[in-house]
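Q: This is the structure, below, for whatever I ask next.
The values are calculated or read from the model by the stated rules, or taken from the named source; none is laboratory data. Quick caveat, the model's predicted, so the values are computed rather than measured. Note that we place each Cβ from the backbone using ideal geometry, even for glycine, and neighbour counts take in every protein chain shown. Heads up: the accessible areas ignore ligands, DNA and RNA and are worked out on the full protein's heavy atoms, side chains in. Shrake-Rupley method; radii C 1.70, N 1.55, O 1.52, S 1.80 Å.
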Amino acid sequence: MSSILTNSSAMNALATLKDVNRGLNQTQDRVSTGLKVASGKDNAAYFAVSETMKGDSGMFKAINEGMTATKNSVATARLGAETVSDIAQQIVERVAFAQTEGVDRKDVQLEIDALVKNMGTAIEQATFNGDNLVDGTKTGAGNEVTVTNGVKRGATFSTTSFVFEGVNLVDIETQFKAIKVYTEDVNGDPEAVQPDVAAALTAAEGQLAASITAATSLGITENALEGQMEFIDALTDTLDSGVSSMVDADMEEEAARLQAYQVQQQLATQSLSIANQAPQNILSLFR
């Protein structure tokens with residue numbers, strides 16, 4: 001039965017065209033934004049998980065930037081400790097040279113004093129952004145350095161941290177100042193009792209070992225920080241890839257779907273046009 005009041009064919013064609021236009025608009029949005037899940041409306045579960053992962057990724061990146069400053073402080077301190085260790089080795093060599101009879105120990109002592117002064121300068125300059133990890137202020141209980149190195153999610157959300165101590169090169173410098181292979185009285189004359197050069201060598205060797213230990217300790221700390229930073233870099237890459245796989249649009253697939261919808265839109269439009277002409281055909285029955 002044909003009716004001029006109700007055009008079922010046109011209604012069906014219009015519904016089809018609306019569905020095609022809806023799909024076309026959605027595909028165009030995906031192509032323009034690059035996202036298949038842009039909001040909770042698209043996929044609530046994926047959107048919630050991806051937003052959490054994005055948050056974690058952002059936090060890890062910020063933490064990594066914060067750790068960079070700490071690592072630079074440790075690297076600067078390690079360089080200072082290694083410089084002190086090198087100077088300590090030179091002092092030990094000068095003290096060992098002074099063991100030989102006939103050596104001008106006054107000149108040797110002048111060399112040692114100059115080296116100790118250089119050691120003090122290295123300790124003072126081994127700072128990064130005002131942070132000195134070699135002057136002994138960051139050693140002992142309660143004075144440790146704590147750096148946030150990550151976050152963790154479980155029953156509760158919390159941060160993780162890495163704790164380490166600085167070193168005390170000032171004490172090593174003080175001990176080297178006390179090492180003498182030559183002394184003078186107030187008038188500049190050699191004192192009657194000469195220093196025990198053998199004991200001086202033993203003391204110098206002990207402080208050399210202490211400086212090596214300090215440099216090694218800072219090297220271990222720096223390596224630990226670098227390792228954690230490399231892990232965070234890899235972790236954020238993994239999180240970003242995970243988010244991408246959940247919310248990013250497959251552009252090849254969307255391009256193919258866009259072309260298909262465009263063809264369907266043209267066909268649906270033609271179908272609606274044909275359906276709208278049906279009532280006109282009824283007029284021919286009354287001619």
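Conditions tested, residue by residue: (1) assigned by the TED database to the domain that holds Ile179; (2) surrounded by 13 or more Cβ atoms within 10 Å (Cβ to Cβ); (3) of a type in the set (S, T, N, Q).
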position: Tyr46; (1), (2), (3): no, yes, no
position: Lys71; (1), (2), (3): yes, yes, no
position: Gly80; (1), (2), (3): yes, yes, no
position: Gln89; (1), (2), (3): yes, yes, yes
position: Arg94; (1), (2), (3): yes, yes, no
position: Phe97; (1), (2), (3): yes, yes, no
position: Asp104; (1), (2), (3): yes, no, no
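Q: While we're here: With the checklist (1) open to solvent by less than 40 Å² (accessible area, probe 1.4 Å); (2) part of a loop (DSSP other than H, G, I, E, B); (3) not aliphatic (A, V, I, L, M) in hand, flag the one item Lys180 doesn't pass.
A: (1)
Q: Run Arg30 past the list (1) of a type in the set (Lys, Arg); (2) open to solvent by 60 Å² or more (accessible area, probe 1.4 Å); (3) in contact with a helix residue (DSSP H, G or I) (Cβ under 7 Å, 6 or more places away or on another chain) and report the number of the one that doesn't hold.
A: Failed condition: (2).
Q: Identify, please: which residue in region 19-50 is touching a strand residue (DSSP E or B) at 6+ places or on another chain (Cβ under 9 Å) and at negative phi and is, among those, modelled with the highest pLDDT? Step through it out loud before you land on a result.
A: Initial filter on region 19-50 (touching a strand residue (DSSP E or B) at 6+ places or on another chain (Cβ under 9 Å)): 29, 34-37, 42.
If we keep only those that are at negative phi too, we end up with 29, 35-37, 42.
Values: Asp29: 82, Leu35: 83, Lys36: 83, Val37: 86, Asp42: 81.
That would be Val37.
Q: Going by what's in this entry, would Asn168 be described as open to solvent by 70 Å² or more (accessible area, probe 1.4 Å) and of a type outside the set (D, E, K, R)?
A: Values: open to solvent by 70 Å² or more (accessible area, probe 1.4 Å): no; of a type outside the set (D, E, K, R): yes.
No: the conditions fail for Asn168.
Q: Residue check, Gln194 against (1) open to solvent by 70 Å² or more (accessible area, probe 1.4 Å); (2) within 30 Å of Asn7 (Cα to Cα); (3) touching a helix residue (DSSP H, G or I) at 6+ places or on another chain (Cβ under 9 Å), all met but one. Which one?
A: (2) is the only condition that Gln194 fails.
Q: How many residues does region 137-158 hold that are part of a strand (DSSP E or B) and touching a residue at least 12 places away in the same chain (Cβ under 8 Å)? Let's see the steps before the verdict.
A: Just the residues of region 137-158 that are part of a strand (DSSP E or B), to begin with: 145-153, 157-158.
With touching a residue at least 12 places away in the same chain (Cβ under 8 Å) added as a condition, the list becomes 145-151, 153.
Final tally of qualifying residues: 8.
Results for (1) more than 30 Å from Asn149 (Cα to Cα); (2) aliphatic (A, V, I, L, M); (3) out of contact with any Ser or Thr (no Cβ under 7 Å at 6 or more places or on another chain), shown as yes or no for each residue.
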{"residue": "Glu165", "(1), (2), (3)": "no, no, no"}
{"residue": "Phe176", "(1), (2), (3)": "yes, no, yes"}
{"residue": "Gln194", "(1), (2), (3)": "yes, no, yes"}
{"residue": "Ala200", "(1), (2), (3)": "yes, yes, yes"}
{"residue": "Gln207", "(1), (2), (3)": "yes, no, yes"}
{"residue": "Ala210", "(1), (2), (3)": "no, yes, yes"}
{"residue": "Thr213", "(1), (2), (3)": "no, no, yes"}
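Q: Can we say Glu124 is in contact with an Asp or Glu (Cβ under 9 Å, 6 or more places away or on another chain) and either of a type in the set (Asp, Glu) or modelled with pLDDT of 95 or more (or both)? If you could, list the steps in order and put the result at the bottom.
A: Details: in contact with an Asp or Glu (Cβ under 9 Å, 6 or more places away or on another chain): yes; either of a type in the set (Asp, Glu) or modelled with pLDDT of 95 or more (or both): yes.
When the stated conditions are applied, Glu124 passes them.
Q: What residue, among those in region 141-160 that are in contact with a strand residue (DSSP E or B) (Cβ under 9 Å, 6 or more places away or on another chain) and open to solvent by less than 70 Å² (accessible area, probe 1.4 Å), is nearest to Ala209 (Cα to Cα)? Steps first, please.
A: Quick first cut of region 141-160, residues in contact with a strand residue (DSSP E or B) (Cβ under 9 Å, 6 or more places away or on another chain) only: 144-152, 157-160.
Subsequent filtering for residues that are open to solvent by less than 70 Å² (accessible area, probe 1.4 Å) retains 145, 147-151, 158, 160.
Values: Val145: 24, Val147: 28, Thr148: 32, Asn149: 31, Gly150: 35, Val151: 38, Ser158: 40, Thr160: 34 Å.
Applying the filter and picking the extreme gives Val145.
Q: Could you say whether any residue in region 236-253 is open to solvent by 40 Å² or more (accessible area, probe 1.4 Å), part of a helix (DSSP H, G or I) and more than 25 Å from Val37 (Cα to Cα)? Reasoning before the result, please.
A: From region 236-253, those open to solvent by 40 Å² or more (accessible area, probe 1.4 Å) are 237-238, 240-241, 244-245, 248, 250-253; that's our starting set.
Then keep just the ones that are part of a helix (DSSP H, G or I); that gives 237-238, 240-241, 244-245, 251-253.
Filter once more, so that each one left must be more than 25 Å from Val37 (Cα to Cα): none.
No: region 236-253 contains no residue that is open to solvent by 40 Å² or more (accessible area, probe 1.4 Å), part of a helix (DSSP H, G or I) and more than 25 Å from Val37 (Cα to Cα).
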